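Working notes, structure below.
FYI, it's all coordinate maths here, none of it is from the lab. Note that the structure is a prediction, hence the values are computed from the model and not measured. When we count neighbours, we look across all protein chains shown, and the Cβ atoms used for this are built from the backbone with ideal geometry, even at glycine.
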Ligand code: Q9C
Ligand code: ZN
């Protein structure tokens, strides 16, 4: 069972601030930390976390990343006069020093290390460290961008050294490029660094050429640095999700990290004065959820930026509530990604195509195009028209029952689940009773009395049809039906838009599918984990997010052949849609799979799949053809921008916050 979420926080880190006038630094205030922590307390989230004490990072810890000279220089700052501090500050960019910042910087890095220790020793499953100063901009020998020591980079080196971690994934969702992290791990294939950042063709701070998509790492680390430059402001939920589905997640699963570290900056959310983006705080529930089945759930998030106190605290709460395992709210406004995001996506995928087999089919990069060279005067930078407003995210209420199960007599109840059955006393344990139980279960899920369900039935096709029909016709709700395995499905699913059926199975029948039926055919069937995951991440997830169902009906057909690991990843990932309302149907005979599936429904992380092999070329091509055919209707499936001038300028004319 999941072992809890750590929260690291220490008031001491609020005890430094800007002591002189500097417009570049005035947004980095102590209230960032107090507002975040207060919101966690107010929402009852802090109480649900395991409080882990913060410690100071030692010299040895800091020297894992920084030079001795730099450390010694920072050590002198507590004794400097105000004038000396100002002068010391001048050698760096967009950062300020204070007599107490050295102490706070040691606590910030130490908090990240305490979090890594807690997660790696299994004391907790995951956690968040609320720290300042932030870290991802600081370099080997320099402070930068409000950062003194590189908290996350130190934590990654420490995890490798102290806990024998082989592969670390660093996801930097802060709106700035963590150039310090990139510098630190540029040639290290043991650390995969992913960052998206406001770039605007190098016009945005830190204005570095090496923040562009073509910095892919060096030497042995080639391919292990992924930059996604945002060349426009106003990026939305769909832009973020699309980059996760089509770049980060496929590569991350292929990499197979032992630990995930998040540079958790929330200046990429709406309302932030630095980022000027339009993604809602709710997106962080999904970004977090989508990472929680990697590395067996070992995820450490460390605060970086975030300067609009309202947006920041909402985003922090969304992140922590997801780490705690509560179902995520449906993301708002999921239209397609914008043209500029699609262009970035295409460039990143093309740049990484040689390095990751999951991207083998990505469109080749036209050799003449480098995005930094495309600064055109026609591209007027979008100016924001005043402060954006956005609704406060809805309170996320976890249903009183997490997972209800309908099992035949003699199959033991998995730990943590609730046995469920309709009260009709006819035919106990029989087919009618089972079906009526399932229908009642779906109703209770729709009333949010139960989050998820699991049933072992004697006729899985029949149960699937009944539940799908009932959900559409009686409850008037939308179901995403994901059918794993099985041969041709009878055309019992109506085309009323209330049911979207995706069937993943062996390549036998050559079917076209339709608007409501998507056949995903794999040469070796569902037993091929890499082909299967490729389909799940690049096709099923974006479809699921865009369809925005009220219920996910996940069906495991008899003899599906799906490997356990991939099945559990699918179960885990799909809980990001429909507010975690997933009903799993399995055929009698699959008893062995009941307990692990139940555990996934209860919120436990799936076990790592191991580094993935290259998927079969034929499968990749078939999936790509399917994606291209479906992207007309489902814009979240797009991976390239249409190459028309009109499309590009249409995008440029969009007002920033729509
Ligand atoms: N308009 C982090 O988010 N530039 N650092 C400020 C003010 C520096 C951001 C310019 C931004 C540094 C951790
Ligand atoms: Zn930032």
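To the nearest ten degrees, helix 101-120 and the longest principal axis of the Cα atoms of the chain are 30 degrees apart. Among 387-400, 125-138, the peptide with the highest mean count of other Cβ atoms within 10 Å heads the list, and the full ranking is 125-138, 387-400.
Volume per residue of the convex hull around the Cα atoms, evaluated for the stretch 119-225, comes out as 106 Å³.
Computed extension gain for residue 20 through residue 220, at 0.36 nm per residue and net of the alpha carbon distance, reaches 67.6 nm. Computed from Cα atoms, the angle from the helix 564-574 axis to the main principal axis of the chain rounds to 70 degrees. With Cα atoms as the point set, the stretch 473-588 shows a radius of gyration and Dmax of 13.1, 38 Å.
The calculated pair-distance distribution of the stretch 145-199 uses every alpha carbon pair, bins of 5 angstrom beginning at 0, and gives 5, 19, 31, 24, 14, 5, 1, 0 percent.
As an exercise, find the ratio Rg/Rh for the chain from alpha-carbon atoms, using the Kirkwood inverse-distance average for Rh. Spell out each step's value before the answer.
On the way: Rg = 24.8 Å, Rh = 25.3 Å.
Ratio of gyration radius to Kirkwood radius for the chain: 0.98.
Helix 309-323 and the longest principal axis of the C-alpha atoms of the chain enclose an angle of approximately 50°. The helix-based estimate of mean residue ellipticity at 222 nm for the chain, built from -39,500 (n - 2.57) per DSSP H run of four or more residues and divided by its residue count, is -9500 deg cm²/dmol to the nearest 500. Could you give the Stokes-Einstein D for the stretch 540-590 in µm² per second, using the C-alpha Kirkwood radius, 10 °C, 1.306 mPa s? After rounding, the answer is 137 µm²/s. Take the Cα of residue 387, step 7 Å toward its Cβ, do the same at residue 625, and the gap between the two points is 5.5 nm. Here each label is just a point 7 Å from Cα along the line to Cβ, and for residue 31 and residue 310 those points are 1.3 nm apart. If R0 is taken as 35 Å, the Cβ-Cβ distance between residue 415 and residue 395 corresponds to a FRET efficiency of 0.75.
For residue 588 and residue 91, the FRET efficiency from 1/(1 + (r/R0)^6), where r spans their Cβ atoms and R0 equals 56 Å, is about 0.20.
If you stretched the chain out fully between residue 163 and residue 548, how much longer would it get, using 0.36 nm times the residue separation minus the C-alpha to C-alpha distance?
Numbers: separation 385, 0.36 × 385 = 138.60 nm, distance 4.01 nm.
Result: 134.6 nm gained on full extension.
Just the projected area, averaged over all directions, of the convex hull on the alpha carbon atoms of the stretch 225-349: how many nm²? Intermediate results must be reported in sequence, preceding the final value.
Numbers: hull surface 29.0 nm².
For the Cα atoms of the stretch 225-349, the hull's average projected area reads 7.3 nm².
The label-point distance for residue 69 and residue 81, in a model that sets each label 7 Å from Cα toward Cβ, rounds to 2.7 nm. Binning all Cα-Cα separations of the stretch 568-617 at 10 Å, short to long from zero, yields these whole-percent fractions: 22, 44, 29, 5.
The stretch between residue 447 and residue 617 holds 56.8 nm of extra length on full extension. This uses 0.36 nm per residue minus the Cα-Cα distance.
When all alpha-carbon pairs of the stretch 401-616 are counted, what percent fall beyond 24 Å? The calculated P(r) of the stretch 401-616 puts 36 percent of pairs beyond 24 Å. Treating r as the C-beta distance of residue 11 and residue 60 and R0 as 22 Å, the FRET efficiency rounds to 0.25.
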